[in-house]
Amino acid sequence: MTAAARKTSDTHCLIYVIAGKETSLVDAECDRLLDKLIEPAQRTTGLLNVDAERVGAAEVMDELRTLPFLTDARIVVLKNADEFISANRQLLESYFDNPSPTGIFIMTVGNFDARTNLAKKLGKVGRLISAGQPSTAQLPAKLRQYAIEAHAKTLPAEASELLIALAGEDLTRLYGEIDKLAIYTAERKSICVDDVSALVGHNRLYGAFDVIDSVISRDAARAVDRLRRLFAQDKSAEYMFVGALAYHLRRMFSAKVMLQQGRAESEVKKTLQIWHGTDVFFVQLAKVTLDEIGRLIQRLAQADYLIKTGRTTAQSAAEQLVTTLAVD
């Protein structure tokens, strides 16, 4: 069998290793892979999903070489396989040299050393999937890739950035939001900013918009009152509010720059996709200078740092922030 034939059977590899330190991310990647490889109705007869501590190497090899029954392939998932690999490295190297053409072998590990012979052999016959949390800069591209691969839908940069602003940076949560957006958008081939706003963050965006209006009007009492109402109505808002507020302020900053460059409001609306509450948006914009918006963004970044480092709670930081901004 040629290397190319060993590496893929139609649309899948014969061996996968999913590596990552965070169990939830590794499990999520494994679940997504299984969704691509086998239908739920076929899992009773076509899937063995077991922790590596509960099975012996001989049983794993037997399962992989067992002819599939009522399925296209026999799939063996070996969870937490770090010690299994260390104890059975020679056996695995032999299997990687000559894998079963009707078996799909998936192992999840905390670490997979690229310098080993096993890792080099995997490159010829299978695929290594990294399940680590991407950096902030990498996250939008990761989400766009997932939307395409999991749902055959495009996720424009603006939509992915808004989703991150509203739902945070936890990859598992973000994948879940994209799953819901894929259902929400039905037969459409793209998930747009309006979809994200409507499904994920309508209350948060509206609430942030309202709070900003109170801050700009220098009404600290109303700003705190609107903030508390938002938190009472949406229990997850305290985790997402900073992102929603930052999203609004960044759009205000960009809009202010464009207007100062002599661009028309219609062009600003189109470029920044400001389709809702446009009148209020431009009224707010007229009340503040570019420097003031910059200071708001800077203060918000400081509050976000305090929250993420555990120095304060999200709600306390948000209330202190809007109070300070409103009287600044």
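We did not get these values from a lab; they are worked out from the coordinates using the rules stated. For clarity, every value in this text was computed on a predicted model and none was experimentally measured. Backbone-built Cβ (ideal geometry, glycine too); neighbour counts: all protein chains shown.
May I ask you to derive the FRET efficiency for VAL280 and ARG127 from their Cβ-Cβ distance with R0 = 35 Å, giving the value to the nearest 0.05?
Step by step, r from the Cβ atoms, then E = 0.10.
Report, in deg cm²/dmol and to the nearest 500, the calculated mean residue ellipticity at 222 nm for the chain, where each DSSP H run with n ≥ 4 adds -39500 (n - 2.57) and the sum is divided by the residue count.
Estimated from H runs of four or more residues: -19000 deg cm²/dmol.
Just check the range 9-112 against the gyration tensor rule for me: Cα atoms, a ≥ b ≥ c as the square roots of the eigenvalues, rounded for a/c under 1.5, and otherwise prolate or oblate depending on whether a/b exceeds b/c.
Oblate shape, in that a/c is at least 1.5 and b/c is the bigger or equal ratio.
FRET efficiency for ASP113 and THR154, Cβ-Cβ distance as r, R0 = 41 Å, nearest 0.05? Mind dumping the intermediate values first?
Numbers: r = 36 Å, r/R0 = 0.88.
Result of the calculation: an efficiency of 0.70.
Could you work out how far the C-alpha centroid of the range 114-148 sits from that of the range 37-69, in angstrom?
For the range 114-148 versus the range 37-69, the Cα centre distance is 24 Å.
Return the tail of the calculated pair distribution for the range 139-199, meaning the percent of Cα-Cα pairs more than 14 Å apart.
43
Summing Lys, Arg as +1 and Asp, Glu as -1, what charge do residues with Cβ under 13 Å from the Cβ of GLU53 carry, GLU53 excluded?
With Lys, Arg at +1 and Asp, Glu at -1, the neighbours total -2.
Tell me, what ³J(HN,Hα) does each residue in the range 130-138 have, in order and in whole Hz, if you take phi through Karplus 6.51 cos²θ - 1.76 cosθ + 1.60 with θ = phi - 60° and put x for Gly and Pro?
Each residue of the range 130-138 in turn: 8, 10, x, 6, x, 5, 4, 5, 7 Hz.
Could you give the length gained by full extension between GLU169 and LYS189, i.e. 0.36 nm per residue of separation minus their alpha carbon distance, to one decimal place?
4.8 nm
List the residues, sorted by chain then number, that are 5 or more residues from ILE15 or on another chain and whose placed amide H is less than 5 Å from its amide H.
PHE105, ARG127
Of all the Cα-Cα pairs you can form in the chain, what percent are over 28 Å apart? Intermediate results must be reported in sequence, preceding the final value.
Details: 28447 of 53628 pairs.
Percent of Cα pairs beyond 28 Å in the chain: 53.
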